[in-house]
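The values are calculated or read from the model by the stated rules, or taken from the named source; none is laboratory data. Owing to the predicted nature of the structure, the values given are computational and were not obtained by experimental measurement. So basically every Cβ, Gly included, is an ideal-geometry build from the backbone, and we count neighbours across all protein chains shown. Surface areas here come from the heavy atoms of the whole protein model, side chains and all, with no ligands, DNA or RNA. Shrake-Rupley method; radii C 1.70, N 1.55, O 1.52, S 1.80 Å.
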Amino acid sequence: MKTKYWYWIWRTFLGPSRLRRKFVKTFVIAGLVPLLLMGGASIYLVNLTHRVDVADLEHTLARQVAKEIEGWIENIKTGVKISYTFDDVAPVLLEYQAPALQDLIRGNSAIDDISFECVTPQYCTVGKETERLIKTSEGGYAKGTLRNLKDAPEFLAAQAGETYTSPAQFGSTTPYLQLSSPVLNQQEKIIAVVTERIRLDYVQDE
């Protein structure tokens, strides 16, 4: 009797019986499948959380860089504001224009093109450059060909008394910004406009 009992247990649970196969199959489905599903869900959630963290980090860095660039541009705007102590509503004397532009170029390595424009029709052609300096590849500067900027947005904004910053633009070698500012006399009258081109590849060095 005991022999038959143990033989039944062996046949049922340990031997190659149909019931054993069903039991094993049921165990696998009921035990391992949920475990695999939970593992897959855990991996997905970990990857999702990682992507969210990376995105948040990228946004934080982007905001930080944007604030640094904004501060850098504000410093340049402050540096480009020029005023003179004379009362006459007349253009800056030609002999003073080149030295003033040279000082601005020396003060900021990102400037590679800077000029004065006329706003006084009784003395010169409105919108036309009266002095222009361009930075050379050797780090110096040379006189540039004078242009008429009467329809350029940077000139029109500064002529109206505003400091202007263009959207980023792309030249042949590097992105840049156009900045402009009115030049004032002692009575806060606009006597000229100064316009400059700022190379953005110098941001990282500032």
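When peptides 110-121, 128-139 are ranked by their average number of other Cβ atoms within 10 Å per residue, the highest-first order is 110-121, 128-139.
Applying 0.36 nm per residue to the separation of Leu184 and Ala168 and subtracting their alpha-carbon distance, the gain on full extension is 3.1 nm. With all protein chains kept in place, the per residue accessible area of region 95-203 amounts to 49 square angstrom at a probe of 1.4 angstrom. Spacing of the modelled spin labels on Glu138 and Ala90, each 7 Å from Cα toward Cβ, amounts to 3.6 nm.
Between Ile43 and Leu156, the distance separating the two model label sites (each 7 Å from Cα on the Cα→Cβ line) works out to 5.9 nm. In region 127-206, the portion of solvent-accessible area held by carbon and sulfur atoms comes to 48 percent [1.4 Å probe, whole percent, DNA, RNA and ligands not counted]. Potential lengthening of the chain between Gln102 and Gln122 amounts to 4.5 nm, from the contour at 0.36 nm per residue minus the alpha-carbon distance.
Distances between placed amide hydrogens fall under 5 Å for Ile82 paired with Leu184, all partners being 5 or more residues away or on another chain.
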